[in-house]
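FYI, it's all coordinate maths here, none of it is from the lab. As the structure is a computational prediction, the values presented were derived from the model and not from experiment. As a convention, Cβ positions derive from the backbone with ideal geometry for all residues, glycine included, and neighbour counts pool all protein chains shown.
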Amino acid sequence: MAPEEWQLMARRIAKEVNDDEVAGVVVTQGTDTLHFSTAAMSFFLRNLNKPVVFTAAQRSIDRGSSDAFSNLLCAVNAAAKFDGAAVVTCLHGTADDNYCILNRGTKVRKMHTSRRDAFRPINELPLAKAYENGKIEILNKNYTKRNNEKVVVNDKFEHKTALVYVYPGMNPDIFDYYLDKKYKGIVIAATALGHVSTTNPKYSLISKLKKLIDNNATIIISTQTIYGRVHPYVYTNLRKLSVELGCIFVEDMLPETAYVKLGWVLGHTHKMEEVKKMMLVNYAGEISERTDESAFLY
């Protein structure tokens, strides 16, 4: 999967959801990059009017323990009966065939390599439970309802966008590649509140990030802890990134979602102030104003 496939997917989905005879759309895909695709659809499909439900299987259809059948049944029921106009995933909510959960496409992540309930909501509760018998149980009412809007595809994407995880002992010269290739944006999955190496001259990323910014690249700070949110001001090192360099801290946005969103934003503008403004607009529930404490334990 790559942005080209996301664009094709968005155009086909839009054609279907704009048909008055269609109640909703189910998309089947492999699990590994499913949350990238759902994030992309969440930004590419503007004025969404019906549910777009992504489903998959952690275990192949020839296995007795396959989750494919239950996931597909629940997804079809969700596409027909869920009252939301949102891109969601629909996969097992537990390790058993009890029910599936509908997770927002910008707030979901594959959190296990093989469990059937691998897809978990991050920093918010699931939107609903979906059952094989057609029952939909709403858990979180924070979503847009079905409507009569006409869906518009807005799928511009800047391919020179990257996602980089920082780690102890990281060589700053790694960023020379992105400088040389004239990348337009980099999402950094930083530690905790948004830290990168800043004090040890051998490992500090400050000079490299400054060069990137001076060459009109946008630097986004997200957190590799996955849960929680970054903060631009709490510590001196965070202020070096936010105040001194102008890196953009993106609240509780997932690194993968931030990567997709940045590529989408840069497809529309490279002006720094406009990029910052758009990155901090909550287009598809990717930023939570407040985090429900129970979401971490869900």
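What the table shows:
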item: Furthest towards positive pole of dipole, Ser288, Ile186, Gly246, structure part the chain, Cβ charges; result: Gly246
item: Highest-fluctuation residue, His195, His35, His112 considered, GNM on the chain with Cα pairs under 10 Å; result: His112
item: The chain, relative contact order [Cα under 8 Å, separation at least 6], %; result: 17 percent
item: Most mobile of Val26, Val76, Val243 in a GNM of the chain (Cα contacts under 10 Å); result: Val243
item: Largest-first ellipsoid semi-axes for the chain, taking √(5λ) over the Cα gyration tensor eigenvalues, angstrom; result: 35, 21, 17
item: Leading residue at positive end of dipole, the chain (Cβ point charges), from Cys90, Met272, Asn103; result: Met272
item: Candidates Thr38, Thr113, Thr161, ranked by Gaussian network fluctuation over the chain, Cα under 10 Å, top entry; result: Thr113
item: Estimated dipole of the stretch 89-227 in Debye, rounded to 20 [Cβ of Lys and Arg +1, of Asp and Glu -1, Cα centre]; result: 260 debye
item: Distance from the stretch 103-138 to the stretch 149-191 (C-alpha centre basis), Å; result: 27 Å
item: The stretch 3-65: C-alpha gyration tensor shape, a/c 1.5 cut-off, then a/b vs b/c; result: oblate
item: Cβ-based charge dipole, the chain, positive-most Cα from Val196, Ala75, Leu139; result: Val196
item: Dipole moment magnitude, nearest 20 debye, the stretch 156-298 about Cα centre, only Lys, Arg, Asp, Glu C-beta charged; result: 480 debye
item: Net charge dipole size for the chain [Lys, Arg +1 and Asp, Glu -1 on Cβ; Debye, nearest 20]; result: 580 debye
item: Neighbour net charge for Ala162 - beta-carbon separation under 14 angstrom, K R +1, D E -1; result: +2
item: Mean separation of Cα contacts under 8 Å, 6 or more apart, over the residue count of the stretch 3-153: relative contact order %; result: 25 percent
